[in-house]
Amino acid sequence: ALMMLGTMWYILFNVIAGAQAIPAELFDVDQIYGGARPWSKWRTLILPGIFPYLITGVVTAVGGAWNASIVSEYVVFQGGVLKAQGLGCIISEAAASGNYSLLMAGTIVMSGVVLLTNRLVWGPLYKLAQEKYRIL
């Protein structure tokens, strides 16, 4: 729940920016040609208009959430160490103990996960946003 509270702002502010970027003239055109049904306006104007901004907000939120979870897996507090199982704990323990080969391996794994996620998830969504859901 705390992670959601911290990341929802990235999405919210990007969606607000997307809604404000929709030209007012398009709302007038929608009103003239088919504004009788509210769902039609959402489906044909608002959702396509905010989609690129929504994707940007989600990418930013996921990145921030992942950074926070990586950092929070290994915490030194009042002389004790609190740790959870995960990549962040491995990286932090390796850094604390001077095990640079494990630190390098953990960093490479983390970079690989980010690259794969960008190529397989965010890249196609950005391409969809640019090709199908852009306002000229």
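Here the chain is treated as a sphere whose radius is the Kirkwood value from Cα pairs; by Stokes-Einstein at 10 °C and 1.306 mPa s it diffuses with a coefficient of 89 µm²/s. Report summary: the helix-based calculation at 222 nm, which adds -39500 (n - 2.57) for every DSSP H run with n ≥ 4 and divides by the residues of the chain, gives -23500 deg cm²/dmol. Viscosity 1.567 mPa s, temperature 4 °C: Stokes-Einstein D of the range 80-136 from its Kirkwood Cα radius, in µm² per second? Translational diffusion coefficient: 95 µm²/s. Using alpha-carbon positions, what is the distance between the centroids of the range 2-75 and the range 82-104, in Å? Rounded to whole Å, the Cα centres lie 35 Å apart. Which residues does the label zone of Ala24 cover in the range 37-53, counting backbone N under 18 Å from a point 7 Å along Cα→Cβ? Flagged as within label range: 46.
Cross-link reach is defined here as a Cα-Cα straight distance under 20 Å, omitting same-chain residues fewer than 8 places apart; for Lys41 the lysines meeting it are Lys132.
Multiplying the residue separation of Met8 and Val75 by 0.36 nm and removing their Cα-Cα distance gives an extension gain of 21.7 nm. Annotation: Cα Rg of the range 1-47 relative to the compact-globule expectation 2.2 N^0.38 Å equals 1.51.
Every number in this text was worked out from the coordinates using simple rules, so none of it is lab data. Because the structure is predicted, anything quoted here is derived from the model rather than measured. Cβ coordinates were reconstructed from backbone atoms using ideal geometry, including for glycine residues, and neighbour counts include every protein chain displayed.
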